[in-house]
Structure formats: C-alpha cells, structure tokens
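What follows is a set of notes on a single structure, which appears directly below.
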Amino acid sequence: MLVEFIKISGSGNDFVIFDNRNSILSDFDHSELAKFICRRGISVGADGIILLEKSDDADVRMNYFNADGSSAEMCGNGARCVAAFFAALTGNNSPRIQTGAGIIRTEVNNDIVTVQMPVGKLIQANIELLIDELPMLFDWYNTGVPHAVIIVDSLDEIPVDFWGREIRYNNYFQPDGTNVDFVHIIDEHNIAIRTYERGVEGETLSCGTGAVASAISAARKKLAKSPVSVKVALPDILTVNFDITEHGSADNIWFSGKVIYSFKGEIELPDNFSL
C-alpha cells in the first residue's frame with residue numbers, strides 16, 4: 001500500500017504524521033508501523049509517528065507511538081506538530097486535540113504553535129537515588145507522561161544516554177519507567193535541559209513534556225519563575241507559562257515553540273514489517 005505522510009519537527013523533536021481520519025491504516029499494526037518508519041538510516045527516521053484520527057469530543061485525535069513501538073498518552077511537541085498540520089489541512093488555527101491524557105487547546109500562529117498542557121502533577125519530590133555510584137536528587141512529575149527531573153551544575157559533561165538509561169530503568173520508577181530531564185538553571189526565567197526519552201531510548205533534541213516538567217520543578221525549588229524559557233538541545237527555545245501550586249504541581253500550563261515542516265512524501269508499506 002502506498003501511503004502519504006508528512007515529517008514535521010517541533011524544536012528538534014521529529015515526527016512522521018499520517019492522516020488516518022479515513023482509517024486507511026486500520027489494517028496495520030501501528031506499533032510495528034512505528035518501528036518500521038522510525039528507523040534512522042534505513043527508513044524515514046523519526047522520534048515517533050502520529051496518526052490523525054476522528055474524534056467525537058474534539059476536532060481531531062492524535063494517536064502517538066514512540067520509535068520503539070510503544071504508545072504514549074501525550075507528547076507535547078507532537079501535539080504542536082499535529083496542531084500545525086491540522087491547521088494547514090483545515091484552516092482551523094485553534095484545534096482542540098484529543099490525547100490519551102485529555103483534550104488540549106492549541107493556537108497556531110504561522111510557525112509558532114502554543115498548546116495548553118492537561119496536567120502538571122508532582123508525583124514525588126526529592127527522590128534520593130544512587131546512580132552510577134553517585135547520589136542524585138529527583139522530582140518526579142507527570143506532564144502527560146512521567147518525567148524524573150534533576151538539577152545539575154552544567155549540562156556539558158552529562159552522559160545523558162548512560163545516566164538516562166540507568167534512571168529510566170531504575171526500580172523506583174517501575175513498572176513503566178520514566179523520561180529523564182537534566183536541568184541547568186541560567187537565571188530565574190531561563191533554563192537549559194537535555195532529555196532522555198523513554199520509548200526513543202536515547203537523548204532527543206527536544207521534549208515538550210520534559211520542558212514543562214523541568215520548568216515546574218525549577219519553580220517548585222524557587223529557582224525559576226513563570227514564564228520560563230527552556231533551551232533544548234537542538235538548540236531552540238520553548239516557552240512555558242504556568243501557575244505553581246502550594247504543593248509543587250502546576251496548572252494553567254501553556255507552552256510554545258517553533259514547528260518546522262521537514263518534507264512530505266509517500267512510502268510503500270509492506271505486508272509485514274520485518275527487516
């Protein structure tokens with residue numbers, strides 16, 4: 001089957017998006033499709049795939065799968081890319097998107113897309129763990145997906161893939177594991193982060209839910225104040241606005257950044273996705 005797709009980057013987080021509102025991919029295993037499409041070097045390559053689907057409760061539904069085939073309830077940069085693509089398809093510049101974490105509002109203004117996050121919940125503060133024989137202190141947040149956030153003095157020498165994997169699979173965060181954000185405080189309105197993403201199983205150039213979790217965690221520790229500009233690894237800037245609660249969670253969360261159209265194309269999908 002020959003299927004059209006578009007590849008879009010949200011501040012370095014790249015996705016292959018299929019318009020599946022007519023269920024053209026209903027006969028395919030979406031998990032295997034994600035693994036097939038996301039292989040860098042031998043396929044399209046991406047951090048994940050997103051299927052646009054019909055929704056009875058919102059303008060569109062996003063069905064998201066990581067590069068390893070696992071599904072995720074929410075992807076912040078993915079939602080921004082969906083909003084941009086849906087706006088281009090329909091002319092609706094304020095689409096409401098149904099996600100596994102709830103319905104979110106969005107605003108598309110040329111290449112800048114803003115989304116309202118459904119949740120910014122502190123799961124546990126000040127988790128002390130020994131990682132690579134070093135004591136580390138984490139805040140654990142749910143911003144649609146789980147994020148373990150640690151404040152560091154510098155990002156330059158952080159072994160993100162190694163430490164990220166050790167933390168992601170640490171017994172404390174099981175059974176589902178966690179994303180991991182290493183955060184450097186620049187000043188009260190500016191931070192920089194590097195993120196290890198669960199499902200991609202490595203460092204990504206950007207992570208929207210991670211940027212939100214990092215900004216909230218820094219504010220909980222009184223190291224930052226809303227709005228917070230978050231420098232991601234691309235490098236690019238995501239802006240996070242929020243209201244911090246007395247218990248360290250946050251509400252009224254909005255975050256924005258650039259969306260870049262990489263290319264569109266067609267791909268012949270095989271009968272099975274084995275290499």
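Quick note: the coordinates plus some simple rules give every number you see, no bench work behind them. Model, not experiment: these values are computed from the prediction. Please note: Cβ atoms are built from the backbone with ideal geometry, for glycine as well, and neighbour counts cover all protein chains shown.
Is there a pair in K7/K35; K225/K258; K121/K225; K35/K258 whose C-alpha atoms are over 20 Å apart, and which pairs would that be? Mind showing how you got there, number by number?
Values: K7/K35 15 Å; K225/K258 22 Å; K121/K225 17 Å; K35/K258 26 Å.
Beyond 20 Å: K225/K258; K35/K258.
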Rounded to whole Å and sorted largest first, list the principal axis extents of the Cα atoms in region 23-117. 35, 28, 23
Any idea what angle helix 208-220 forms with the longest principal axis of the chain, computed on alpha-carbon atoms, 0 to 90 degrees, nearest 10? 20
Quick one: E197, E166, E246, fewest Cβ neighbours within 10 Å first, how do they rank? E246, E166, E197
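Kindly put Y172, Y141 in sequence by how many other C-beta atoms sit within 10 Å of each C-beta, fewest to most. Could the numbers behind the result be given before it?
Details: Y172 13, Y141 32.
If I rank by nearby Cβ atoms, fewest first, I get Y172, Y141.
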Region 7-62-region 136-187 distance, computed between alpha-carbon centres (Å): 26
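Given R₀ = 30 Å, FRET efficiency for E128-I103 by Cβ-Cβ distance, to 0.05? Intermediate results must be reported in sequence, preceding the final value.
Values: r = 36 Å, r/R0 = 1.21.
In this case the efficiency is close to 0.25.
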Just to confirm the filter: which trypsin sites (Lys or Arg not before Pro) across region 158-229 are DSSP coil and have at most 14 other Cβ within 10 angstrom of their Cβ? K222, K225
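Listing L269, L134, L52 from the residue with the fewest other Cβ atoms within 10 Å to the one with the most, what is the order? Please list the in-between numbers first.
Values: L269 15, L134 8, L52 19.
The order, fewest Cβ neighbours first, is L134, L269, L52.
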Work out the FRET efficiency for E268 and Y172 from their Cβ-Cβ distance, taking R0 = 51 Å, and round it to the nearest 0.05. 0.70
Restricted to Cα positions, what overall size does region 1-77 have along the principal axes? Three whole-Å values, descending. 37, 31, 20
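Report, to two decimal places, the Cα Rg of the chain normalised by 2.2 N^0.38 Å (N = number of residues).
Values: Rg = 17.9 Å, N = 275, 2.2 N^0.38 = 18.6 Å.
Relative to the 2.2 N^0.38 Å estimate, the chain comes out at 0.96.
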Going by Cα centres, region 102-126 and region 189-254 are how many Å apart? 11
